[in-house]
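The values are calculated or read from the model by the stated rules, or taken from the named source; none is laboratory data. Computed from a prediction, not measured in an experiment: that's the story for all the values here. Cβ placement follows ideal geometry from the backbone for every residue including glycine, while neighbour counts extend to all protein chains displayed.
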Amino acid sequence: MSTHLSDQEIVRREALQRIREMGIDPYPAPTYPVNTLSSAIRTSYDPDNNPLPDVCLAGRLMQVRVMGKASFAELQDAGGRIQLYVNRDELCPGDDKSFYNEFFKKLLDIGDFIGVRGHVFTTQTGELTVHVQSLTLLAKSLRPLPVVKTDAEGQVHDAFTDPELRHRQRYVDLVVNPGVRETFLRRSRMIQEMRNCMLESGFLEVETPVLQPLYGGALARPFKTHHNTLDTTLYLRIANELYLKRLVVGGFDGVFEFAKNFRNEGMSRFHNPEFTLVELYVAYKDCYWMMDFVEAMIERVALALHGDTRVTVGEKIIDFKRPWKRYTMAEAIQIHTGTDIRHLDENGLREAARRMNIETDASMGKGKLIDEIFGAAVEPLLIQPTFITDYPVEMSPLAKRHRDHDGLVERFEVICNAKEIANAFSELNDPLDQRERFEDQIKLGLRGDAEAMMLDEDFLRALEYGMPPTAGVGIGIDRLAMIMTNQDSIQEVIFFPQMRPERHAEVED
RNA sequence: GAUCUCGUAGCUCAGCCGGUAGAGCAUUUGACUUUUAAUCAAAGGGUCAUGGGUUCGAGUCCCAUCGAGAUCACCA
């Protein structure tokens, strides 16, 4: 394979060779006795009581300022950056100064992994610094990193900003953009907090199939694949709902799964083809119990991440403090449009949508029409976390019929920052009703709704054995992470967002 | 899928009405034993995304393709 090397890459390969010629292994055996992090030095150093005589740390060399026979450098480790002070005659006590003059000054590059041992002191200008006694190359870097500099006023210069490069080479993004690292740490803490919350409530974390012979549990178009040995079509799951409910049938009273789901639909700053959803099912509870649980869990997440229930998102402040506002879907539509949809039939709804300049088509049934009106006229206005309840039965084929209102189901969504972040039901456990709902979906499919559900005989068989009354919820992790990390694009909260494959230069041989 | 914008050095960006390819940082060489966007002196570095076209002449104008971003559609 022929690759074009830039002059800087050629220089680094030559340096690698010269390092080997000096008898230094550029990729030595991996243990290095690290005993601290730069962040720990920063918090624990006290020049009077705790001089930190022997620190050993490792990381990437990110900047070198050679001052003749002494040099300053910056080392970046998992705790941040710390300055190094390197003195020629201390690094090379004998007559041979080549380790400093040749190796340190000429053959080390920005991005190289090094380990240093020394003591901590403060320079004349007040900078916390490791006075290096010994220095070890741990891994040579052959490609130049973007050099991002921050000046005394905190202004960042030459930031690495191209979204295509940042997302394709997330490893570089993480090295040079500290805020990116912080975003993903925060996402991880968010998931951890939710997991702890559910585990502490006694629920069981489980895993269910990604490859499914029938896709179900959501309204979406799937990815299709093929199993060679079985010679059969399989689908990547669009949801894990039907499998988690099978586990409730089997006697687990509370189960949850952080699940990667796959939906073969458009990509945008709110949509990645694979995304993470946590689903939780709890037996002997209903969706009203689940409202309280979700409210408490997300308030807890906000407090854990920000120390406050208020979270800044763009220009807005979103407050997760309980209790959140609760409206039925019809109430929310009436409040924001002035139209009472409660007694409208399909034609009346179509007419109402037309008056609001909302496009409709012939495949839309009554439920879909209400959903369209809500999505276009109400959802964009809901910034603070808000529960919307009492959805039409037509658009909720897995939810239990409302105990008090015909034509509605026991369901809620949480809308926050104009997007759905959670969706929950009192789960439908009447197997005969469930069969009819699937059959209605098939009719919708025949009308042209590409997202209508398939009939899952095995799931119906499970329900026929009996499922206890159960509350279930799905919470969009990526969407919630966007809010909790103040990011306006889903690609900023997914390490490796889906992108078109890179086209490499033609390879000849 | 539609529309608009963008693609120039390792990174960030200039490049006017079409006339020899530019800067800062990075790199290389030299100076400097407490600097910090280190500084000073010098040098090297480009298939201007790709392919066509118009033109005496294209980074610049036109067309197509590839990639990215934004808005819209679909969805979570």
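Miscellaneous remarks
- The set of residues from the range A:109-132 being surrounded by 15 or more Cβ atoms within 10 Å (Cβ to Cβ) and either touching a helix residue (DSSP H, G or I) at 6+ places or on another chain (Cβ under 8 Å) or free of Cβ contacts under 8 Å to residues at least 60 places away in the same chain (or both) comprises A:D109, A:I110, A:G111, A:D112, A:F113, A:I114, A:V120, A:L128, A:T129, A:V130, A:H131, A:V132.
- Here A:V210 meets each of (1) within 11 Å of RNA strand B (Cβ to nearest atom); (2) of a type in the set (V, I, T); (3) more than 30 Å from A:C92 (Cβ to Cβ) with one exception, condition (1).
Conditions tested, residue by residue: (1) within 19 Å of A:V473 (Cβ to Cβ); (2) more than 14 Å from RNA strand B (Cβ to nearest atom); (3) β-branched (V, I, T); (4) in contact with a Gly (Cβ under 6 Å, 6 or more places away or on another chain).
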position: A:T337; (1), (2), (3), (4): no, yes, yes, no
position: A:K366; (1), (2), (3), (4): no, yes, no, no
position: A:A377; (1), (2), (3), (4): no, no, no, no
position: A:F387; (1), (2), (3), (4): yes, yes, no, no
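- Checked against (1) of a type in the set (S, T, N, Q); (2) out of contact with any strand residue (DSSP E or B) (no Cβ under 9 Å at 6 or more places or on another chain); (3) farther than 25 Å from A:R437 by Cβ, A:T386 meets all criteria but (2).
Quick grid of which residues meet (1) within 29 Å of the chain's Cα centre (by Cα); (2) basic (K, R); (3) over 30 Å from A:N486 (Cα atoms):
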| residue | (1), (2), (3) |
| --- | --- |
| A:G314 | yes, no, no |
| A:I317 | yes, no, no |
| A:G338 | no, no, yes |
| A:N347 | no, no, yes |
| A:N357 | no, no, yes |
| A:K366 | no, yes, yes |
| A:D371 | yes, no, no |
| A:Q384 | yes, no, no |
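Conditions (1) in contact with a strand residue (DSSP E or B) (Cβ under 6 Å, 6 or more places away or on another chain); (2) of a type in the set (G, A, S); (3) at pLDDT 85 or above; (4) assigned by TED's automatic domain parsing to the domain that holds A:I191, marked per residue:
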| position | (1), (2), (3), (4) |
| --- | --- |
| A:A304 | no, yes, yes, yes |
| A:T309 | yes, no, yes, yes |
| A:T312 | no, no, yes, yes |
| A:D319 | yes, no, yes, yes |
| A:D345 | no, no, yes, no |
| A:L349 | no, no, yes, no |
| A:T360 | no, no, no, no |
| A:K368 | no, no, no, no |
| A:A377 | no, yes, yes, no |
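- Of all residues in the range A:171-181, none satisfies being within 13 Å of RNA strand B (Cβ to nearest atom), farther than 30 Å from A:I41 by Cα and not hydroxyl-bearing (S, T, Y).
- Residues satisfying the stated conditions in the range A:314-332, i.e. without any contact (Cβ under 8 Å) to a residue 24 or more places away in the chain and part of a helix (DSSP H, G or I): A:E331
- Pairs linking a residue in the range A:213-232 that is closer than 25 Å to A:M364 by Cβ to a residue that is β-branched (V, I, T) and not in a strand (DSSP E or B), with Cβ atoms under 6 Å and 6 or more positions apart or on different chains, are A:Y215/A:I238; A:A218/A:I238; A:A220/A:I238; A:P222/A:I238.
- The range A:136-149 - residue that is more than 6 Å from RNA strand B (Cβ to nearest atom) and β-branched (V, I, T) and, of those, nearest to A:E74 (Cα to Cα): A:V148
- For the range A:258-274, taking the residues that are part of a strand (DSSP E or B) and touching a strand residue (DSSP E or B) at 6+ places or on another chain (Cβ under 6 Å), the one that is farthest from A:F425 (Cα to Cα) is identified as A:E274.
- Just one of the listed residues (A:I477, A:I490) is near RNA strand B (Cβ under 10 Å from one of its atoms) and in contact with a helix residue (DSSP H, G or I) (Cβ under 6 Å, 6 or more places away or on another chain), namely A:I490.
- When the criteria are applied in full, A:V311 fails the requirement of being among the hydrophobic types (A, V, I, L, M, F, W, C) and either within 14 Å of RNA strand B (Cβ to nearest atom) or in a helix (DSSP H, G or I) (or both).
- Meets criteria (hydrophobic (A, V, I, L, M, F, W, C) and in contact with a Gly (Cβ under 7 Å, 6 or more places away or on another chain)) for A:V313: no
- Of all residues making up the range A:271-311, the number that are buried (at least 18 other Cβ atoms within 10 Å of the Cβ) and charged (D, E, K, R): 5
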